[in-house]
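Novice: Starting off with a structure, shown below.
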Amino acid sequence: MTKWLTKRNFIITLSIVFMILIIIFIIPVSIPLILALLTAILIDPLVKLTEKKCKWNRKISVTSIFIFILTVTAFALYYIVTQLIGKIIKFIEAVPDYLNSLSGLWIDSQSKLFQYTSVLPDEVIKPIRKEFKDIFEAMRESILSLLSYEKVMVLMTEIPNFLISFTVFFIALFLFMLELPELKKMLFRHLTTSTAEKVRYMITNLNSVIFGFIKAQLLMSFIILAVTFVGLLLIIPKYAVMMSLVIWIIDIIPILGSIVILAPWSLYLFISGDIATATKLAILAVILLIVGRTVEPKIMGSQIGLSPLPTLISMFVGLKLMGFLGLFIGPLIIILFTTAREAGIIKMNFRI
């Protein structure tokens with residue numbers, strides 16, 4: 001027992017606890033700064049290429065690339081926001097018509113239900129009617145809670161936080177782009193020669209992993225787009241192109257996924273009486289869900305060098321601890337740990 005109570009083991013244990021506390025408490029509130037640093041590292045080869053080709057110093061190269069990124073982002077945000085506001089206004093104007101049509105459909109489906117079950121005994125009819133009534137009440141409560149004052153106010157209070165984080169991200173990105181060479185020098189100044197070689201190995205691996213991660217996300221998104229387009233082309237050709245693009249964009253957000261579009265659409269058609277199309281859309285939603293949950297860990301693992309199981313676990317734990325961004329940060333932490341172990345910075349050759 002006493003052989004374990006050494007100064008070295010105490011420092012290692014303390015370091016592990018400190019790292020866990022940083023991961024749980026510090027990283028979630030530092031997401032804009034972490035993303036800015038990672039983005040600056042990704043853009044750095046482009047900055048160096050601009051310096052070399054245009055014969056500019058680093059400050060001018062960084063400023064020109066940053067202005068370009070800012071301009072593209074501003075145009076994209078302007079287009080998205082203006083289109084979104086227009087769609088929201090149209091939706092709000094059409095909400096009464098939607099509710100009236102849904103009420104009519106519900107009354108019609110109830111009358112059909114009563115007609116079909118009129119020959120059945122009361123012991124069978126009453127539970128069925130009760131179930132339908134409970135379903136309708138649950139849907140009504142869900143819609144009202146979604147559009148409640150509290151939910152709207154929570155959303156409104158999140159907007160300033162998002163704007164602050166967005167602003168901090170771009171300011172930090174510009175500063176990191178400028179100071180990245182100095183930060184590297186500062187880091188390597190405190191490292192021995194052997195440790196510096198290990199850190200360089202880590203940075204090289206991380207660069208390839210980050211590009212692999214981006215490649216995996218693009219590949220996965222195009223697989224979802226292809227499956228959605230083919231499915232909708234067979235089910236509803238009229239809306240195949242438009243709705244496959246909408247579902248593709250929504251599916252990029254793993255918290256939501258394609259089910260957010262396909263489930264209400266299928267339910268609406270089912271209530272309308274188009275049971276065949278509703279069933280096909282529900283099957284397509286299940287297929288996309290299975291494809292997303294089975295193929296994504298494999299693609300991510302093959303591109304970033306992790307097996308599917310650690311990738312899935314890190315994405316799930318990251319999602320639970322840090323929300324949406326945890327899906328990306330979770331695998332990144334595992335990659336950092338694996339790369340540090342391969343470089344010899346972290347040694348795990350112990351036995352219990």
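Any read-out appearing in this document is the output of simple, stated calculations on the displayed coordinates, not a laboratory observation. These figures come from a predicted structure and were not determined experimentally. Every residue, glycine among them, receives a Cβ derived from its backbone with ideal geometry; neighbour counts consider all protein chains shown.
Novice: Please turn the phi angles of the range 39-52 into ³J(HN,Hα) values with the Karplus equation 6.51 cos²θ - 1.76 cosθ + 1.60 (θ = phi - 60°), one per residue in order, whole Hz, x for glycine and proline.
Specialist: 5, 5, 5, 5, 7, 4, x, 5, 5, 5, 5, 5, 4, 6
Novice: What's the extension gain from residue 211 to residue 80 if we count 0.36 nm per residue and subtract their Cα-Cα distance?
Specialist: 44.5 nm
Novice: Also, I was wondering about something else. Kindly write out, for the range 197-202 in residue order, the coupling ³J(HN,Hα) from the Karplus curve 6.51 cos²θ - 1.76 cosθ + 1.60 (θ = phi - 60°), rounded to whole Hz, with x marking Gly and Pro.
Specialist: Per residue, the Karplus-derived 3J(HN,Hα) values read 5, 5, 5, 4, 4, 4 Hz.
Novice: Please give the per residue volume of the convex hull enclosing the alpha carbon atoms of the range 195-284, rounded to a whole number of Å³.
Specialist: That works out to 89 Å³ per residue.
Novice: What nm value, rounded to one decimal, do you get for the distance between residue 57 and residue 185 when each label is placed 7 Å out toward the C-beta?
Specialist: Taking the simple label geometry, residue 57 and residue 185 are separated by 1.3 nm.
Novice: Compute the distance in nm between two label points, each set 7 Å from the Cα along the Cα-to-Cβ direction, one at residue 313 and one at residue 72.
Specialist: According to this spin-label approximation, the distance is 3.7 nm.
Novice: Let me ask another. Please report, to one decimal in angstroms, the Kirkwood hydrodynamic radius of the range 164-232 built from all distinct Cα-Cα pairs.
Specialist: Taking every pair of different Cα atoms in the range 164-232, averaging 1/r and inverting gives 15.5 Å.
Novice: Continuing with this model, one more query. If the limit is 29 Å between Cα atoms, which of 130/238; 53/184; 53/198; 48/215; 48/198 go over it?
Specialist: The answer is 130/238; 53/198.
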